[in-house]
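Here, each number is a calculation from the coordinates, and none is a lab measurement. Not measured: the values here are computed from a predicted model. Counting neighbours? That spans all protein chains shown, and the Cβs are built from the backbone with ideal geometry, glycine included.
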Amino acid sequence: MNHLLKDTILCLEKAAEIIGLDKKKMRTLEKPKRILKASLKIKTDKGMIKSFPAYRVQFNNKLGPFKGGIRFHPLVDLNEMEALALMMTLKNALIDIPFGGAKGGVRVDPLKLSKKELEALSRAYVAAFYKHLGPQKDIPAPDINTNPQIMAWMIDEYSRLLGKIELASFTGKPKELGGSEIREQATAQGGVYVLESFLKKIKFKRKNLEAAIQGFGNVGANTAKILYDQGYKIIALSDIKGGIVIKSKKRKGDIGLNPHKVEECVKEKGTLAGCYCRGSVCEVPNDHQKISNQKLLELETDILIPAAIENQITVKNAKRIKAKIILEMANGPTAFKADKILNQRGILVIPDLLANAGGVAVSYFEWLSNIKNEVWDKAESINCLKAMMESGLDKVYELSRQYKTDLRTAGYALALQRLYVRSHKKFSSTI
Ligand code: NAD
């Protein structure tokens, strides 16, 4: 069993025990309802046929249609998809939206494909699974290495196969196709709402807070930009090839890295590690130097934000983490045993199920507006997102105090209660 799946189930069992939920009943939530597999064949630009393993795991639809992203990544495998689909089920329950959980992926390095090949692969994915997708069945969205353009190709293929246009069948679409105006920043913005609300609750000093962020894609880059704009000092950023860190944190007037400028540099150079430069577009009012992804995680900082991939904080490095707060924007960045070490060391972890739920929350608004044929304006979506994230944090925080446990266990407990109450209608709870 993959470590992420094992760890997710361990978290579930810990939460079930705390709220006194019968383990046997809870186990019905541990098995996926449907596993779809395919080998996607595409013709390359050189005329060769290549195939790629693809998956869609539809885990649980007790609370509504299956919902979850599609990832294109060389490490995609069935076990990982199962774990992420289970996490989606719990996340949607925690944030209280009427969706079940699913996840999909293709084992591919999309950076090695041309645009034409990427389009062919996206269409092949839909052709393989479309009978099980749809606004009331299963609604995919972007995840690692997938984006609004890929969703547009997928909707087009889905509508072609179905013979009618179904905009609500995918979320994270371009605005012209009924996508939300705030979807691109939604996950990041949701995480920042949770963080700010949490800091207020624990009365953490909120001036000039420092943050180090791993991952500079949709989630990492947007989180960095929002925090920077709100006056946080970004001390380090990274992507798959490595990172950059400011040299001296103590210099007066130091405002840290400017992620807007770093983003311009990344667009120019293609990778963040190549942005260690002076006299170039990425130069910021600091000296900065290269840092590895591992070292970034161990920096002394107020807030550490893993926003790349799973299993980054493990038993190997948990003892060396020096951040005071960890905001888990990636899915599954902390291993179960590492989490225990962090808790023992008093490091506060805002768990992924809550921290990164803003993306699916706004996907829900997008789906709802497509179904009702409405257009939501930006302010309306932002207000709803803020209210949903703050309410999620309030409930998780309350439960953590009630059960004298950490936020992760409380988050799992809340999700379990909602799933259990609504699917079995027996368990009396505090929700
Ligand atoms: P993305 O593809 O846009 O960006 C991923 C970033 O991580 C890139 O900068 C990439 O270079 C970096 N990266 C990849 N492998 C790495 C490694 N081994 N070490 C360090 N950095 C690495 O993906 P994203 O959409 O930003 O997703 C990031 C994480 O957030 C994932 O765990 C995803 O499941 C989770 N998430 C995303 C959303 C969303 O709305 N996009 C919502 C919820 C959760």
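So, with +1 on the Cβ of K and R and -1 on the Cβ of D and E, and no other charges, what is the size of the charge dipole of the chain about its Cα centre, to the nearest 20 debye?
The dipole magnitude comes to about 1020 debye.
Show which lysines lie in cross-link reach of Lys131 when reach means a straight Cα distance below 24 angstrom and same-chain residues fewer than eight apart are skipped.
Lys31, Lys33, Lys37, Lys41, Lys43, Lys50, Lys62, Lys67, Lys103, Lys164, Lys173, Lys372
Tell me what the chain gives for mean residue ellipticity at 222 nm when only DSSP H runs of n ≥ 4 count, each as -39,500 (n - 2.57), the sum divided by the residue total, rounded to 500 deg cm²/dmol.
-14000 deg cm²/dmol
Test of the criteria: in the range 9-77, which trypsin sites (Lys or Arg not before Pro) are in a DSSP loop and have at most 14 other Cβ atoms within 10 angstrom of their Cβ?
Filter output for the range 9-77: Lys46.
List the equivalent ellipsoid semi-axes of the range 184-355 in whole Å, largest first, each obtained as the square root of 5λ for an eigenvalue λ of the Cα gyration tensor.
Equivalent-ellipsoid dimensions as semi-axes: 24, 17, 16 Å.
Please compute the Cα-Cα pair-distance distribution of the range 122-216 with 10 Å bins starting at 0, giving whole percents from short to long.
14, 37, 21, 17, 10, 2
Under unit Cβ charges (Lys, Arg +1; Asp, Glu -1), what dipole magnitude, rounded to 20 debye, does the range 31-181 have relative to its Cα centre?
It comes to approximately 460 debye.
Do any of Lys24/Lys386; Lys269/Lys290; Lys290/Lys340; Lys295/Lys340; Lys115/Lys137 go past 25 Å between their Cα atoms, and which?
Violating the 25 Å Cα-Cα cut-off are Lys24/Lys386; Lys290/Lys340; Lys115/Lys137.
What is the ratio of the Cα radius of gyration of the range 66-164 to 2.2 N^0.38 Å, where N is its residue count, to two decimals?
Compactness ratio reported: 1.06.
In Å, the Kirkwood hydrodynamic radius of the chain over pairs of distinct alpha carbons?
With all distinct Cα pairs of the chain included, I get 21.9 Å.
Considering only the other residues whose Cβ falls under 13 Å of the Cβ of Ala168, what net charge follows from Lys and Arg at +1 and Asp and Glu at -1?
+1
Would you mind telling me the antiparallel percentage of the DSSP bridges in the chain, rounded to 5?
Bridges in the chain that DSSP calls antiparallel: roughly 50 percent.
Place +1 on the Cβ of every Lys and Arg and -1 on the Cβ of every Asp and Glu in the chain, take the dipole about the Cα centre, and give the residue among Leu407, Asn373, Ile18 whose Cα lies farthest towards its positive end.
Ile18
Which of the aspartates and glutamates could be linked to Lys324 by a straight reach, that is with a Cα gap under 19 Å, when you skip same-chain ones fewer than 8 residues away?
In chain and number order, the partners are Glu196, Glu210, Glu298, Glu300, Asp302, Asp339, Asp352, Asp406.
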